[in-house]
Amino acid sequence: MIVHVLYFASLRDASSLERESLSHEGSLRDLFENLRERYGWRWTPAQLRVAVNGELTGWDRSLQEGDEIAFLPPVSGG
Amino acid sequence: MSTRFALSQQAIDADVLAASLRASQAGAFCVFEGWVRDHNEGRGVQGLRYEAYVELAEREGETILAEASQRFPGIQACCVHRLGELSIGDRAVWVGVSAAHRDAAFGACRWIIDEVKSRVPIWKHERYAEGDAAWLHPES
């Protein structure tokens, strides 16, 4: 299936992309590990939050065709 | 009950926001402003840039203000956070709360800024005096 991934802050700098569409079969954690390896992210899932289709969600959520996924590094607003 | 959260690419107009929280039943008004300072963790800072996952940040900000109204009944609250390039001294974030009495105004204002800082997907990119720059990703 095709999923869309959004990148923010240091994750975006590492990928040099704001977003990309990927063919992926497997879990959200599998997707993260694939991208972590590809882009050399230093984060583990325990350190990040994840959002699907604009809503925060758990790492065990199953993915569906067309989902828009964002991995959120620790925030620094304020 | 009015609660509003916004992201702004333009300078925050504190007078307009404060006026929006005036109400005849309000006897207390508390505001917190976060400003861009010229140093962080021992390094000289020249300026910074804020970026957000806008769709989620707006939703999470509204959720925080709704939760504040549950915790502190009767308040009116507003929060605006800057995005884009900021200079030293600029307002980065503004939180205002009006309430009948000061306990709720102080309490809600403090609670809202703490929740915004820990939950809303906004990231700070600092430019340092030495010419380098970095994203801040504080690990709790």
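Table for the structure above
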| item | result |
| --- | --- |
| Theoretical FRET efficiency, 1/(1+(r/R0)^6), r = Cβ-Cβ of B:E67 and A:S27, R0 30 Å, to 0.05 | 0.45 |
| Spin-label pair A:R19/A:T57, simplified geometry with 7 Å Cα→Cβ offset, distance in nm | 1.5 |
| Rounded, prolate or oblate (a/c below 1.5 giving rounded, otherwise prolate when a/b exceeds b/c) for chain B by Cα gyration tensor | prolate |
| Share of alpha-carbon pairs per 10 Å distance bin for chain A, given as whole % | 19, 59, 21, 1 |
| Spin-label model distance (nm) - A:R38 vs B:A23, 7 Å beyond Cα toward Cβ | 4.9 |
| Shielding by other protein chains, B:48-57, mean Cβ within 10 Å | 4 |
| Centroid-to-centroid separation of segment B:1-76 and segment A:2-78 [C-alpha atoms, Å] | 27 |
| Inter-chain Cβ neighbour average for residues A:4-11, partner chain, 10 Å | 4 |
| Three-way shape label, the protein assembly as shown, alpha-carbon gyration tensor, a/c 1.5 | oblate |
| Coarse-grained scattering of segment B:1-71 at q = 0.20, 0.25, 0.28 Å⁻¹, given as base-10 log I(q)/I(0) from a Debye sum over alpha-carbon atoms | -1.11, -1.30, -1.37 |
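Every number in this text was worked out from the coordinates using simple rules, so none of it is lab data. Given the structure is predicted, the values throughout are model-derived calculations rather than measurements. Neighbour counts are summed over all protein chains in view; Cβ atoms, including those assigned to glycine, are modelled from backbone coordinates with ideal geometry.
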